[in-house]
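Just below is one structure, and these are the notes that go with it.
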Amino acid sequence: MIYIHNTLTGRREPFQPVDPGSVRMYVCGITPYDVCHLGHARCYVVFDMVRRVLKANGYKVRYVQNFTDVDDKIIARAAERGIKTTELARQNIDDFFNKMDALGIERADVYPKVTEHIPDIIALIKKLVDNHVAYRLGGDVYFSVKAFPPYGKLSKRPLDELQSGARVDINKEKQSPLDFALWKESKPEEPPEVSWDSPWGKGRPGWHIECSVMAMKHLGLNFDIHGGGLDLIFPHHENEIAQSEAATHKPFASVWIHNGFVTINREKMSKSLGNFFSLSEIFAKVQPPVVRYMLLSVHYRAPLDFSPDILEQSRHTLSGMRDAIARANRVLQKQELGVDESNKPLPEIAKETDNLVKEFHEALTDDFNTPGALGVLHQLIKLLEKQFSTNTVSRGTARYILNQIRQCAEILGLDLFSFLQGLFIPPEVTALAQARETARQNKEWKESDRLRAEISTHGYVVEDTPQGPRLLPKASV
């Protein structure tokens, strides 16, 4: 059972998907007006980890993440650069994929864009108007917050407090300051590619309606998990709930997950404060897996106070983990091929390993406790190193621990093994290599060549060294 802190209820709850065995998850994507920064990395590493944990626990996951490719900031930035909004969005979406791929983030199943869903957006706005929960002001359309009594149930704040602290659209004719735009009338200075015909005249969608439409279109009216950064709880996610449930009269998302802020000296990272770090800047200093490790080293709901020290500490720690695995590889490669005990781990060590793996999974199923899971992963690596502290090493034991480390690392998306793919050589390939070595010693060159070719079909090559033959994956040669 997985337990998740649900922002909607304010409680840690057992996760129960709408459809048993299947999870539908929507995460708010970027507004591509600029390159990706550390805040983006935190959000999408977190939800990549959530998806991996769900899959590791047997769920089939459908993951949708949008692009808000129409927005005031995109229009303004494109005008500054003298390019079309579509070109600006394309450039920054390309940057997004480049950076997220580097962080080991698996691609979502669908990446819907606002510009691809205009007819659906207009249809939902029309439904809200017909349901008398939205109203027209000239060429604009607003949602009436007072027409949705549960408004505020996500942020847990009374309406008067929300009203005084909200960043709302400025329009004195609105029925309430909290009412938010569903459709915005086109302005004369705006480019034609951000304007569409509608029953209310030419215009474009408001921010909040877009995510409701894309989520429901690709996941259904009621889905399992909606995620995003803590700053989206109000007004964005609050407004999504209001307009979606007012239109469908059904619950929108069952579980709401929000990751904490990235801070600099305990202040929220933002461009306005001048403490903004792009991923390009950070990747110039450390490898992307270091950034991923750093982001997972803090619980997803807690703030992450970024500094050069935490980045260097993560680099040092990740390097130490890889070094331990590399040392194990060097020792194993020196052993003679075909050792009798190579396929069976020592029972007492296997049991200790299994207990640690159980603790690893328990940490992740307890509201995705990645710091706890990383702590167990380090214990597994210490157990591995302990096996090489004596002169007698059980290859089977070492391989068993290594395989468990690899499986745990994959759930976290940590790159610990890509440089040592040959570490996990199938027994049948090892047997072929031993047979080839025997043929070589007997000067049966034709049989030796045949066995070399057969080994190659399994994706490996044999390297003859003074210490004996060594198997390597083709990709590393």
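The values are calculated or read from the model by the stated rules, or taken from the named source; none is laboratory data. Computed from a predicted structure; not experimentally measured. Note that we place each Cβ from the backbone using ideal geometry, even for glycine, and neighbour counts take in every protein chain shown. SASA here: full protein model, heavy atoms, side chains in, ligands and nucleic acids out. Shrake-Rupley method; radii C 1.70, N 1.55, O 1.52, S 1.80 Å.
Some points to look at:
- For THR263, distant residues with modelled amide H under 5 Å away: MET269, LEU304, ASP305, PHE306
- SER307 accessible area, 1.4 Å probe, all protein chains in place, Å² to nearest 10: 40
- For region 101-164: rounded, prolate or oblate by the Cα gyration tensor [a/c cutoff 1.5]: oblate
- Phi angles of region 172-186 translate, via the Karplus equation with coefficients 6.51, -1.76, 1.60 and θ = phi - 60°, into HN-Hα couplings of 5, 8, 5, 5, 8, x, 7, 4, 10, 6, 9, 9, 10, 5, 4 Hz per residue; Gly and Pro are given as x.
- Both radii come from the Cα set of the chain: Rg as radius of gyration, Rh as Kirkwood radius; their ratio Rg/Rh reads 1.07.
- Evaluating 6.51 cos²θ - 1.76 cosθ + 1.60 at θ = phi - 60° for every residue in region 10-21, the Karplus couplings come out as x, 10, 7, 10, x, 7, 9, x, 4, 10, x, x Hz, glycine and proline recorded as x.
- J(HN,Hα) series, region 188-202, from Karplus relation 6.51 cos²θ - 1.76 cosθ + 1.60, nearest Hz, glycine and proline x: x, 7, 7, x, x, 6, 10, 9, 9, 6, 8, x, 10, x, 5
- Unit charges at the beta carbon, dipole of the chain: most positive-side option, HIS5, ILE349, PHE283: ILE349
- Centre-to-centre, using Cα atoms only, region 282-310 and region 190-211 are separated by 38 Å.
- Loop sites in region 30-117: GluC sites (Glu not before Pro), DSSP, at most 12 other Cβ within 10 Å: none
- Carbon plus sulfur fraction of accessible area for region 45-179, probe 1.4 Å, in percent: 49
- Exposure rank, largest accessible area first [ASP224, ASP34; 1.4 Å]: ASP34, ASP224
- Cα convex hull of region 75-184, projected area averaged across orientations, nm²: 10.3
- Ordering THR457, THR85, THR438 by accessible surface, largest first, gives THR457, THR438, THR85; the 1.4 Å probe counts only protein heavy atoms, with every chain in place.
- Loop sites in region 166-230: GluC sites (Glu not before Pro), DSSP, at most 16 other Cβ within 10 Å: GLU173, GLU189
- Cβ-placed point charges (K, R +1; D, E -1), dipole of the chain about Cα centre in debye, nearest 20: 440
- Shape of region 43-124, Cα gyration tensor, a/c cut at 1.5: oblate
- Helix-derived mean residue ellipticity, 222 nm - over the chain, DSSP H n ≥ 4, -39500 (n - 2.57), to 500: -14500 deg cm²/dmol
- In terms of accessible area, using a 1.4 Å probe and ignoring ligands and nucleic acids, SER22, SER448 rank largest first as SER22, SER448.
- Global geometry of region 1-153, whether rounded, prolate or oblate, following the gyration tensor of its Cα atoms and the 1.5 cut on a/c: oblate
- Of the cross-linked pairs LYS202/LYS250; LYS60/LYS113; LYS146/LYS250; LYS113/LYS174, those separated by over 26 Å at the C-alpha level are LYS202/LYS250; LYS113/LYS174.
- For PHE180, the residues whose amide H sits under 5 Å from its own are PHE143, VAL145, ignoring neighbours fewer than 5 places away on the same chain, with H placed 1.01 Å from N.
- Amide H contacts under 5 Å for HIS37: LEU279, restricted to partners 5 or more places along the chain or on a different chain, H placed in the peptide plane at 1.01 Å from N.
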